[in-house]
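To start, the structure itself, in structure tokens.
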Amino acid sequence: MTLLRRFIDNAGPAGLLVVTVLACGLLDERILAGQNLMIVLMQAVPIIMLALGAFIVLLTGGIDLSAGISVTLASIVMASLLGDGFDLPVALLAGLATVAFIGTINGILVTAFRVPAFVATLATMSCVQGVALLLAKQGVYVLSEPSLKWLGTARLGGVPASILAAILVIAAAFLLMHHTRFGLRIYATGSDADATVLANVSTSRVLLLTYVTASCFTWLAAVTLIARTPIVTPNVGGQSLLLDAIAACVLGGTSIFGGRGTVIGVIAGSLIVSLFSNALRVVGIDPSSLDLMKGGLVIAALVCDVGITTVRAKIMKESLK
């Protein structure tokens, strides 16, 4: 039964991805050209990274609104250190420590102080944005770090290194969520927190670790972004990337009410968002309208999610009679 449910959860997003590809092919043949599809995949990499972090938080029934601007802050921190002559490992660790600290603060607010995740992460988002803008006053950072440049531009066997790195991260996320005790506890906490507590599991600890783990994916999103562009500004990441990540999760079948979603679904959703954005650019849609259309896409997906959740609740209620 579990395997059947997982197959259904994955089949829906995969089917939607196929429909999106076919629709784009009918809209303009340039969208499915080989070179353009490679661009779509490369643009999907940071979305995938951030979406995986958003995914595990959404599974608990929470949300992290600070993730997008945390990408900005981590990018600026790493770029500033590299610009000051620090070695790459030091800069990377500083970026990771920055987002891990933010994730820890979010987790403490949600667990220890019982602040709703929406309010807690909205507050930290404002604080992080202020810090990012303060650091960004030093100006635009131009990066020339060879290893970062290699990750952003190199190809192995014709495949961009960033895509290969994303495949490794996806595999690790799949193992974490579907084959570890921690992953199962995240699902359990989102499905029924009270029952999870009765099973002698500390949901507070699970939630805290969830926000910290999600911050690691935020850091990966920042690394892939600054590897792709030699110029780091306060516009890196931000709320636009967060919107893409949440859209990817919802389109991939992750429920905003928690307890339902798969890693494969998130990947399918990320590819849909990247392809959708690319298709709009190819056909000449004004860039200022992209967020409007993506917002409409998220609203439609949320409405579907509410409908699916309602139907499932009714079916479960009927089965208990």
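A short reminder: the numbers here are calculations on the coordinates, not readings from a lab. In this text, all values refer to a predicted model and were calculated from it rather than measured experimentally. Note: ideal-geometry Cβ built from the backbone for every residue, glycine included; neighbour counts use all protein chains shown.
Quick look at the values:
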| quantity | calculated |
| --- | --- |
| Computed lengthening from PHE257 to THR180, 0.36 nm per intervening residue step minus Cα-Cα distance | 25.5 nm |
| The chain - mean residue ellipticity at 222 nm from DSSP helices (-39,500 (n - 2.57) per run, n ≥ 4, rounded to 500) | -26500 deg cm²/dmol |
| Cα-projected label distance for VAL303 with VAL115, points at 7 Å along beta-carbon direction, nm | 3.4 nm |
| Value of relative contact order over the stretch 2-319, rounded to a whole percent, pairs C-alpha under 8 Å and six or more apart | 33 percent |
| FRET efficiency, 1/(1 + (r/R0)^6) with R0 35 Å, evaluated for ASN200 and ARG281 via beta carbons | 0.10 |
| Set of aspartates and glutamates with alpha-carbon distance to LYS149 below 20 Å, sequence-local pairs under 8 removed | ASP84, ASP87 |
| Förster radius 41 Å - calculated FRET efficiency between ALA97 and GLU29 (Cβ-Cβ, nearest 0.05) | 0.30 |
